[in-house]
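Reviewing the structure listed below.
The values are calculated or read from the model by the stated rules, or taken from the named source; none is laboratory data. Everything quoted here is computed from the prediction, not taken from an experiment. No Cβ is skipped: glycine too gets one built from the backbone with ideal geometry, and neighbour counts run over all protein chains shown. Remember, those area values only see protein heavy atoms, side chains included, never the ligands or the DNA or RNA. Shrake-Rupley method; radii C 1.70, N 1.55, O 1.52, S 1.80 Å.
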Amino acid sequence: MNTFLSESQESLKETYAAFAKEQILPVANKLEDHSLNLKEFIQKLGQNGYLGITVPKEYGGTGGNFIDLIVFVEAVSQYDAGLGLSLAAHYGVVELINKFGSDVQKSRYLPLLARGECVGALAINEHQAGTDVMAVAASTAGGALSGEKTWVVNGSVANLFAVLARGENAVEFRLVDASGDKSVSVGPDKPKLGLRSAATNDINFDKHQLGKDSLIADGKAEEALQYVLNVAKVIAGAAAVGLVDAALEHSAEHARNREQFGQKISQFQGIQWKLADMSTECAAARLLTYRAAWSKELKPEEFARDAAMTKLFASKVARVHSSEAVQILGSLGIMSDNPVERAYRDSKVLEIAEGTSEAQKLVLVKELGI
Ligand SMILES: Cc1cc2nc3c(=O)[nH]c(=O)nc-3n(C[C@H](O)[C@H](O)[C@H](O)COP(=O)(O)OP(=O)(O)OC[C@H]3O[C@@H](n4cnc5c(N)ncnc54)[C@H](O)[C@@H]3O)c2cc1C
């Protein structure tokens, strides 16, 4: 196994880093306070090819692999981990269709998703079905979808929802094209601690008439659900890595410049050790994330384990070390216009979104056969 990047991926990494610095950094605060139109911004990402990284070329995408996408998410999350979460939702739908879609579904949706003319969202959880995701009550009885989904990232900007619902005999996945459809209503954006740039809404489906091609992963809904959740977890892991990498850069820079007691605070061993731990655990989280991305493509039997480890570890590293970054910056670190203040808030949400840390431990314990 090679968890390091190929030469071409190293070069992609530089391209993505330059893009993120030029295009995401200047608008990161506006995306967070919603003074910039998120839908238009996401569509622009699509026009520039960033929503179709893993879409095959024959469907109008870049034809890249999952690691390419992970490297992109890491780059944008240096400035806006909320955008990383938006990408997790969009690419969750892309990957669902890539793996389980019929030819009709692929040719209908993948080109639109790649161009950003269609934005994807995962409508899985419900009020009573959080960690216990199979307790969903939304129903497709009689060919109409009814039910209330909660915490749907991209809810207000998406037009293609992958919806988990109860069919006649079993749980099933449906692709719901909701453009201008009155049977699909979107609740207000939920105010939250962090990752605010990611729109998060409740979605109500009221007797939405399902098209004949809406069923995806027929008879394999549980497998598809786990796959999509694993994809989203690894993308969230990449967002956590980008976030903590930026926190490291900000805090190291501050330590090099701030003087107390007649010397730079970087000369104090207490500060040095924080930075050494941050740097080590950021690197470890990155390697776990790349390994999970690698196993998705090349060792699928290990993907669930690696995705759970990635989500558990990377989000914890992000929370612990963004807190240390705030500490190193002192009073500056808690100011609301400081990137480490935002990183600290965003990191906590990463321990809950895309499955809680405890949910990852449940997967890992099961993998151990316990
Ligand atoms: C920012 C954000 C974005 C999200 N995006 C989406 C999305 O795009 N689509 C979507 O469908 N959903 C989304 N969700 C929902 C998310 O997946 C759920 O919030 C998450 O799975 C936890 O469910 P819950 O909030 O109901 O918590 P609960 O399941 O009620 O859990 C509460 C607490 O109990 C713990 N717990 C639960 N069961 C166990 C157990 N068996 N053992 C030990 N501890 C346990 C949990 O870990 C947690 O600490 C999002 C949530 C957030 C916060």
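Placing a pseudo-label 7 Å from each Cα along the Cα-to-Cβ vector at Asp189 and Ser102 gives an inter-label distance of 3.7 nm. Using the Cβ-Cβ distance between His34 and Ile370 with R0 = 35 Å, the FRET efficiency computed as 1/(1 + (r/R0)^6) comes to roughly 0.20. With a Cα-only, solvent-free Debye model of the stretch 1-86, what are the log10 I(q)/I(0) values at q = 0.13, 0.19, 0.20, 0.27 Å⁻¹? Debye output, listed in q order: -0.43, -0.88, -0.96, -1.45.
Ordering Leu215, Leu25 by accessible surface, largest first, gives Leu25, Leu215; the 1.4 Å probe counts only protein heavy atoms, with every chain in place. Short to long, the 10 Å bins of the Cα pair-distance histogram for the stretch 221-367 hold 13, 38, 27, 15, 6, 1, 0 percent of all pairs.
In this view, the solvent-accessible surface of Asp277, computed with a 1.4 Å probe and all protein chains in place, comes to about 80 Å². Ordered by 1.4 Å accessible area with all protein chains kept, Phe268, Phe205 run largest first as Phe268, Phe205. For the listed residue pairs Lys30/Lys207; Lys296/Lys366; Lys21/Lys316; Lys220/Lys316, the alpha carbons are over 27 angstrom apart in Lys30/Lys207; Lys220/Lys316.
Quick check on packing: order 308-321, 129-142 by the mean number of other C-beta atoms within 10 Å, highest mean leading. Don't skip to the end; give the middle numbers.
Numbers: 308-321: 25.9, 129-142: 15.1.
Per-residue Cβ counts within 10 Å, averaged per peptide and sorted highest first, yield 308-321, 129-142.
Model label sites at Ser331 and Lys361, defined 7 Å from Cα along the beta-carbon direction, differ in position by 3.9 nm.
If the viscosity is 1.002 mPa s and the temperature 20 °C, what Stokes-Einstein diffusion coefficient in µm²/s follows for the stretch 120-216 when Rh is the Kirkwood radius over Cα pairs? Walk me through the numbers on the way to the answer.
Details: Rh = 13.3 Å.
D, rounded to a whole number, is 161 µm²/s.
Which log10 I(q)/I(0) values does the chain give at q = 0.15 Å⁻¹ under the Debye formula, counting every alpha carbon as one identical point scatterer? One equal scatterer on each Cα of the chain leads to -1.31. For the stretch 120-216, averaging the sequence separation of C-alpha pairs within contact (under 8 Å, six or more residues apart) and dividing by the residue count gives a relative contact order of 32 percent. In the context of the full protein assembly, Ser11 retains an accessible surface of approximately 60 Å², using a probe radius of 1.4 Å and ignoring ligands and nucleic acids. The helix-based estimate of mean residue ellipticity at 222 nm for the chain, built from -39,500 (n - 2.57) per DSSP H run of four or more residues and divided by its residue count, is -17500 deg cm²/dmol to the nearest 500. The distance linking the stretch 12-57 with the stretch 279-330 is 22 Å (Cα centroid to Cα centroid, whole angstrom).
Listed by chain and number, the aspartates and glutamates whose C-alpha is less than 14 Å from the C-alpha of Lys192, apart from same-chain residues fewer than 8 away, are Glu32, Asp33, Asp202, Asp346, Glu351. The Cα center of the stretch 76-142 and the Cα center of the stretch 234-262 differ in position by 31 Å. For helix 81-100, report the angle its Cα long axis makes with the longest principal axis of the Cα atoms of the chain; keep it between 0 and 90° and round to the nearest 10°. Helix 81-100 sits roughly 40 degrees off the main axis of the chain.
Spin-label model, Ser11/Arg256: points 7 Å from Cα along the beta carbon direction are separated by 2.9 nm.
Rounded to the nearest Hz, the phi-derived 3J(HN,Hα) couplings of the stretch 283-290 under the Karplus curve 6.51 cos²θ - 1.76 cosθ + 1.60 (θ = phi - 60°) are 5, 5, 5, 5, 5, 4, 5, 5, where x marks glycine and proline. Measuring between alpha carbons in the structure, the pairs from Lys99/Lys348; Lys182/Lys212; Lys311/Lys348; Lys99/Lys361; Lys39/Lys233 lying more than 21 angstrom apart are Lys99/Lys348; Lys99/Lys361; Lys39/Lys233.
What you get for the stretch 184-334, charging only the Cβ of Lys and Arg (+1) and of Asp and Glu (-1), is a dipole of about 280 debye around the Cα centre.
Evaluating 6.51 cos²θ - 1.76 cosθ + 1.60 at θ = phi - 60° for every residue in the stretch 275-282, the Karplus couplings come out as 5, 5, 5, 4, 5, 5, 6, 5 Hz, glycine and proline recorded as x.
Rounded to the nearest 10 degrees, the angle from helix 7-19 to the longest Cα principal axis of the chain is 80 degrees. Tell me the angle of helix 103-115 to the major Cα principal axis of the chain, expressed in degrees between 0 and 90 and rounded to the nearest ten. Once rounded, one gets 40 degrees. Of all DSSP beta bridges confined to the stretch 118-233, the antiparallel ones make up roughly 80%. When +1 charges are put on Lys and Arg Cβ atoms and -1 charges on Asp and Glu Cβ atoms, the dipole computed for the chain relative to its Cα centre reaches about 220 debye. Relative to the Cα centre, the charge distribution of the stretch 26-146, modelled as +1 at Lys and Arg Cβ and -1 at Asp and Glu Cβ, gives a dipole magnitude of about 360 debye.
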